[in-house]
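The values are calculated or read from the model by the stated rules, or taken from the named source; none is laboratory data. A quick note: this is a predicted structure, and the numbers were derived from the prediction, not measured. Note that each Cβ is placed from the backbone with ideal geometry, even for glycine, and that neighbours are counted across all protein chains shown. For accessibility, only protein heavy atoms count, side chains too; no ligands or nucleic acids. Shrake-Rupley method; radii C 1.70, N 1.55, O 1.52, S 1.80 Å.
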Amino acid sequence: MIIFRKLFIKMVDLSNRLLFLFSFLLVVFSTIIIMKLDPETFTNWFEALWWVMTTVTTVGYGDYAPITMEGRVFAMVLYIVGIGLIGVVIGKVVDGLSTFRIRREEGKIMYKGKGHYIIIGWSKKANYALQEMLKTNEDIDVVIIDEQEKAPVLSEHIYFVRGYAASTETLEKANIKEAESVLIFADDSIEETQLVDGKTLLIASTVESIAPDVHTVVEVMDESHIKNFKHNQVDDFIFSHETISSLAVRSIFSRGISEVYGQLLQRKHGDDLYQIPKKPEWYTYGDAFQELLKEGATLIADGNNLGINRMLKSPIRDHAKLYVVCDKTTYDRLISKS
C-alpha cells in the first residue's frame with residue numbers, strides 16, 4: 001500500500017502533458033499486451049481496446065474478460081494502476097474546467113476572437129446597450145472591460161476582462177486590435193463632469209494609440225470637451241443628458257413623439273433604422289429612393305444628412321452611408337439582394 005500511495009502521489013504531481021501521455025501509452029500498450037496474453041478471447045485490436053477502456057474507466061460491461069492465468073494477472077495490475085491513473089486524469093480534467101470557469105468569471109482569460117465588440121465601463125447604461133446589441137445581432141461576441149471583481153454578465157457570446165481600461169495590457173487582453181468597435185461609457189461613480197470626461201479621454205487615447213483603425217464610440221458628459229476627443233481621432237459621440245433633455249422637450253410640444261424615437265432606437269417591434277450598402281445601379285439618390293420604396297423601405301439619410309428628399313437628383317457619394325426605415329424582414333431581403 002505504501003508503494004501504491006507513493007505511486008499515486010507522483011501521478012498527481014505530474015504535469016498534465018505527461019499525465020495524458022502516460023494514460024495514452026497505458027491504453028495502447030495494455031491493448032497490445034492483453035492480445036498477446038489472451039489471443040483466444042481478444043481476436044482483434046478493437047476487442048482488446050474495448051476491454052481496456054471499460055476496465056480503466058470502471059464501467060466493466062463484462063462482455064469480454066481474460067480467461068488465461070497471465071491475462072487475469074495482468075487484469076489485476078490494470079485494475080490498480082490503470083484505474084488509478086485514469087482517475088487522476090479525470091480529476092485533472094474536472095479541476096481544469098472548474099479553474100477555467102473561475103478564471104473566466106474573474107476576467108483573467110484573454111479573448112482571442114476577431115470582429116467582436118468591446119464595452120468599456122459597466123453600468124445600467126452599458127447593460128441596456130448590451131441587450132440592444134444582442135437584439136440587433138445575437139451571434140456577435142461582446143467583451144466587457146471593467147474593474148469589478150467578477151463578471152456582471154457571462155454567456156456563450158459575452159466575455160469579461162478585468163482591469164483598468166486605460167492600461168495597454170488590459171486592452172490587449174480583450175484583443176482590441178482585432179475588434180470591430182469599442183463603446184466607452186462615462187464613469188457614473190465620479191460626480192465631477194471634468195473628471196469623468198478626463199478619465200474617458202485617457203481611455204479613448206489609449207484605445208486609439210493601440211488600435212487606431214477600430215471604430216470608437218464615446219459617451220461625453222460636456223459637449224465643450226468634444227474637441228479634445230476629436231483630436232484623438234474618436235469616431236462617434238453620445239450625449240446622454242442632452243439626448244434625454246431634447247427628447248423630453250420635443251415630447252412636450254409634440255405629444256407621442258417619444259414613441260417614434262423609441263421605436264427607431266430600440267429593436268423591439270415594428271420598423272427600425274438600418275444601414276444598407278449602395279448598389280452599383282443606383283446613380284442618384286432618387287434611384288435608390290424609388291427602388292427601396294418598392295421593397296417596403298424608406299431612404300431617410302446619407303450619414304448625418306437627413307435631406308434626402310432635397311437630393312433626389314444628386315449623384316450618390318462613392319462612400320455613402322445609406323440609412324433606411326423598414327422592418328427586419330425587409331432589411332434581410334435587401335441585404336440578401338446586395
Scan LEU292, LEU306, LEU265, LEU299 and give me the residue that is modelled with pLDDT of 80 or more, over 19 Å from ALA166 (Cα atoms) and open to solvent by 60 Å² or more (accessible area, probe 1.4 Å). LEU306
Considering only residues of the stretch 27-54 that are under 17 Å from VAL81 (Cα atoms) and open to solvent by 40 Å² or more (accessible area, probe 1.4 Å), which is modelled with the lowest pLDDT? MET53
Please go through the stretch 128-154 and pick out each residue that is of a type outside the set (A, V, I, L, M, F, W, C) and either over 18 Å from THR200 (Cα atoms) or under 12 Å from the mean Cα position of the chain (by Cα) (or both). TYR128, GLN131, GLU132, LYS135, THR136, ASN137, GLU138, ASP139, ASP141, GLU149, LYS150, PRO152
Could you tell me whether any residue of the stretch 149-159 is surrounded by 15 or more Cβ atoms within 10 Å (Cβ to Cβ), among the basic types (Lys, Arg) and over 19 Å from GLN131 (Cβ atoms)? no
Just wondering, is there one or more residues in the stretch 132-148 that are open to solvent by 20 Å² or more (accessible area, probe 1.4 Å), in contact with a Gly (Cβ under 8 Å, 6 or more places away or on another chain) and farther than 23 Å from ASP236 by Cβ? yes
Hey, can you tell me all the residues within the stretch 32-62 that are under 25 Å from VAL89 (Cα atoms) and among the acidic types (Asp, Glu)? GLU47
Check the stretch 66-81 and report whether any residue there is surrounded by fewer than 18 Cβ atoms within 10 Å (Cβ to Cβ), part of a helix (DSSP H, G or I), at pLDDT 75 or above and in contact with a helix residue (DSSP H, G or I) (Cβ under 6 Å, 6 or more places away or on another chain). yes
Can you name the residue in the stretch 187-232 that is part of a helix (DSSP H, G or I) and open to solvent by 70 Å² or more (accessible area, probe 1.4 Å) and is also modelled with the lowest pLDDT among such residues? GLU223
Elements of type strands (runs of 3 or more DSSP E) contained in the stretch 94-171, each with 1 or more residues being farther than 27 Å from LEU273 by Cβ: 142-146, 158-162
Please go through the stretch 135-163 and pick out each residue that is among the aromatic types (Phe, Trp, Tyr) and either in contact with a Leu (Cβ under 7 Å, 6 or more places away or on another chain) or modelled with pLDDT of 95 or more (or both). PHE160
Where the second residue is small (Gly, Ala, Ser) and the first is assigned to a helix (DSSP H, G or I) and lies in the stretch 47-60, which pairs have Cβ atoms under 6 Å and are six or more apart or on separate chains? VAL52/SER30; THR54/GLY60; VAL56/GLY82
